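These notes concern the structure reproduced below.
The values are calculated or read from the model by the stated rules, or taken from the named source; none is laboratory data. Computed from a predicted model, the values in this text were never measured in an experiment. For neighbour counting, all protein chains shown are included, and Cβ atoms are generated from backbone atoms with ideal geometry for every residue, glycine included. Remember, those area values only see protein heavy atoms, side chains included, never the ligands or the DNA or RNA. Shrake-Rupley method; radii C 1.70, N 1.55, O 1.52, S 1.80 Å.
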Amino acid sequence: MRSRAADGRSGPLWSWLTPSLLLLGAMAVWGVVRYPRLPDRVPQHIGADRVDAWTATSVGAAFVPVFVYAGITVVLAGCAALSARITPLDEMPAAANRWSGAANAMTNRPASAASGRRTARALLLMNVLCGAALLPLCWIQWRTAATPEVPVWLLPGTLALFLLGLLPIGVAWWRDAAEKKSARTA
């Protein structure tokens with residue numbers, strides 16, 4: 001995953017994907033280590049205060065959090081790659097007529113290549129926080145006793161981490177909007 005930097009050179013975004021891949025690998029190893037000791041049934045659905053549905057233990061059922069995080073990682077890494085590679089507004093050709101000018105104005109392009117890279121990094125940071133939000137669910141999924149009780153902090157803690165994952169995206173959007181506004185007034 002490479003993208004254009006503001007000065008025209010290419011720079012890697014892989015380093016921003018590394019924490020997600022390490023977290024995904026750690027989740028998978030944790031699950032593999034715990035899998036032989038799992039009970040005959042594992043949680044299928046975790047409600048607000050307890051496990052309210054069970055299913056027979058299988059690789060597919062036990063590793064749902066890992067598979068979900070792998071899917072999220074693929075999607076967000078692809079979105080980050082696209083965000084870093086899109087032609088920004090400041091590199092768009094001059095409008096030939098009013099219709100092409102309107103089309104350029106109506107697209108949701110980043111203001112600059114730096115803004116596109118900032119959005120890409122924000123997406124990859126959001127992915128790490130989504131993975132962290134799945135860790136408590138892994139812990140519940142891979143308990144060696146089939147007990148329905150879950151800690152009271154599980155739902156609020158998981159939701160807080162998912163919501164915290166939106167913060168980098170909001171900051172990137174805010175900075176891009178400010179950059180677009182200053183470009184319009186200049």
Next item on the list: Could you give the size of the charge dipole of the chain about its Cα centre, using +1 on the Cβ of each K and R and -1 on the Cβ of each D and E, expressed in debye and rounded to the nearest 20?
Entry: 560
Item checked: Calculated from backbone phi, Karplus (6.51, -1.76, 1.60) coupling profile of the stretch 40-45 in Hz, x at Gly/Pro -> 5, 9, 10, x, 9, 9
Next item on the list: Please report, in whole Å, how far the alpha carbons of the stretch 97-186 spread along each principal axis, starting with the longest.
Entry: 68, 22, 19
Item checked: Gln44 long-range amide H proximity, modeled H, under 5 Å -> Ala53, Trp54, Thr55
Note to self: Below 8 Å, C-alpha to C-alpha, sequence gap of six or more: please give me the relative contact order for the chain in percent.
What the structure shows: 28
Next item on the list: Roll a 1.4 angstrom probe over the protein heavy atoms and tell me the percent of accessible area of the chain that is carbon or sulfur.
Entry: 68
Next item on the list: Would you mind computing Rg(Cα) / (2.2 N^0.38 Å) for the stretch 32-103, counting N as its residues?
Entry: 2.08
Check: How many times 2.2 N^0.38 Å is the alpha carbon radius of gyration of the chain?
Finding: 1.33
Checklist line | Accessible solvent surface per residue of the chain, calculated while the other protein chains remain in place, 1.4 angstrom probe, Å² | finding: 57
Notebook entry, point to check: For the chain, list the DSSP H helices whose alpha carbon atoms reach 18 Å or more along the long axis and whose average Kyte-Doolittle value is 1.0 or above?
Noted result: 14-34, 64-85
